[in-house]
Amino acid sequence: MRLSETAVTTTPGAMSRLLKPLIAPDVFDFWASRFNPTWSWERPLARVIERRQEARDSVTLVLQPNRHFTGFKPGQHINVTAEIDGVRVTRSYSPTGIPRADRRIALTVKRIDGGRMSTQLCDHTQVGDVLELSPAFGEMTWPQAADGRWLLLAAGSGITPLMSLTRAWAAASMPTELTLIYWARTAADLCFADELRALAAREPRFHLQLVLTRETASLDDVACTEHGAHLTTEWLQQQVPGLEQSRVYACGPASFVDDARQIAGSRAEQFHAEAFTLPAVTDDIHGTVRVELRATGRTLELPAGQPLLSALEAQGIRPAHGCRMGICNTCACGKFAGTTQDLNTGERHSEPTAALRICISRACSDLTLDL
């Protein structure tokens, strides 16, 4: 009896599992990188193959990942890790393109004042450099059947996941009515403006409104552009008459997302939002709390009002983390005792949990954590 070819062929994944007990991944990565910087035993790595200026303070990096990166859906995020001054720094960014046959990924990064990673990527990362990636995460993606009316609300860097969704919508032959409203400070801060205007000019099912908040009308009177308009109930209903029949995705800083949730969340057919900054922390919780880190045997006094991740970092502790927005769950740890508050929702939780996201949680009492 002749065995089929598939019966005797070992896949790369199966071979890795067979050899893993015999090989130290970090040792393999060290020697493999001498031949090719993107070779690794299991880490998703990507080489920068192109960089271009996207707007005044924004750069697009095109990456070629190795075989360990498993892809993404439009609208998702990826944690990117780089070594900066000898320290590994991780931040979350959204691919702005759509999945491609050559597996290349485009990330558009806006330089943030004081931002170590954004400054590194915008000012110092060059073609040929290698970055480490995480698996993609996030739920702000197109459903299997993207029917009905859709409204995308973007502010600043919030355009990045929504641009990926817009490009995916265009690639799918524009299956629905889609409106994109995009706020930026000035025309020089707009990313993808020419592409978006061209899409709006040729596609009647795509409705575009670019809003400049810090530039007068005399500086830019190009079609689709408005000046000084802020997100209010009256203004949004004027721009989107069918808001009650729309499904809404919103992305931007926490204050913008909070406004969008209050204005559109209760009126729209469906609402989903992601903020790339934490909400402003109120000072209604004062003093310090005693935080026991059971896994490491340490006990600390931490400010009660701060996000736990930031408070721990200020003590020289570096928990695993990624997006710092409460989306990727990289920082999630067990909580055995104590009360915490979710900074996104304001809800307080006293019960034990196996998945406390310390980037968006602050202590309301003494805590015991699995760190």
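Please treat every number below as a calculation from the coordinates, not as lab data. Here the structure is a predicted model, which means the values were calculated and not measured. FYI the Cβ positions are ideal-geometry reconstructions off the backbone, even for glycines, and counts take in every protein chain you see.
Some points to look at:
- Set the Cα radius of gyration of the stretch 239-371 against 2.2 N^0.38 Å, with N its number of residues, and you get 1.19.
- Seen from all directions on average, the stretch 63-129 presents a Cα convex hull projection of 5.0 nm².
- Note that the stretch 335-348 has calculated 3J(HN,Hα) couplings of 10, 8, 7, x, 10, 10, 10, 6, 6, 7, 9, x, 6, 9 Hz, one per residue in order, obtained from phi through the Karplus relation 6.51 cos²θ - 1.76 cosθ + 1.60 (θ = phi - 60°); glycine and proline are x.
- Low-density loop positions, GluC sites (Glu not before Pro), the stretch 20-94 - DSSP coil, at most 15 other Cβ in 10 Å: 42
- Estimated from the Cβ-Cβ distance and a Förster radius of 45 angstrom, the FRET efficiency linking residue 123 and residue 353 is about 0.65.
- Relative counts (whole %) of C-alpha pair distances in the chain, using bins that are 20 Å wide: 25, 53, 21, 1, 0
- Note on residue 194 and residue 238: the extension gain reaches 13.4 nm, defined as 0.36 nm multiplied by sequence separation minus the Cα-Cα distance.
- HN-Hα J in Hz across the stretch 89-100 - Karplus 6.51, -1.76, 1.60, θ = phi - 60°, x for Gly and Pro: 10, 10, 9, 9, 9, 9, x, 9, x, 10, x, 10
- Projecting label points 7 angstrom from Cα along Cα→Cβ for residue 104 and residue 201 puts them 2.5 nm apart.
- Computed over the stretch 290-352, Kirkwood Rh from alpha-carbon pairs, angstrom: 12.7
- Under 5 Å from the amide H of residue 273 lie the amide H atoms of 250, each residue being 5 or more positions distant or on a separate chain, with H modelled from the backbone and absent for Pro and chain starts.
- Counting every pair of alpha carbons in the stretch 171-319, the share spaced more than 23 Å apart comes to 54 percent.
- Whole-number percent relative contact order across the chain, with pairs defined as alpha carbons under 8 Å at least 6 apart: 12
- A simple rule links phi to the HN-Hα coupling: the Karplus curve 6.51 cos²θ - 1.76 cosθ + 1.60 with θ = phi - 60°, which for the stretch 56-73 gives 3, 10, 10, 10, 9, 10, 9, 10, 10, x, 7, 6, 7, 7, 9, x, 8, 9 Hz, with x for Gly and Pro.
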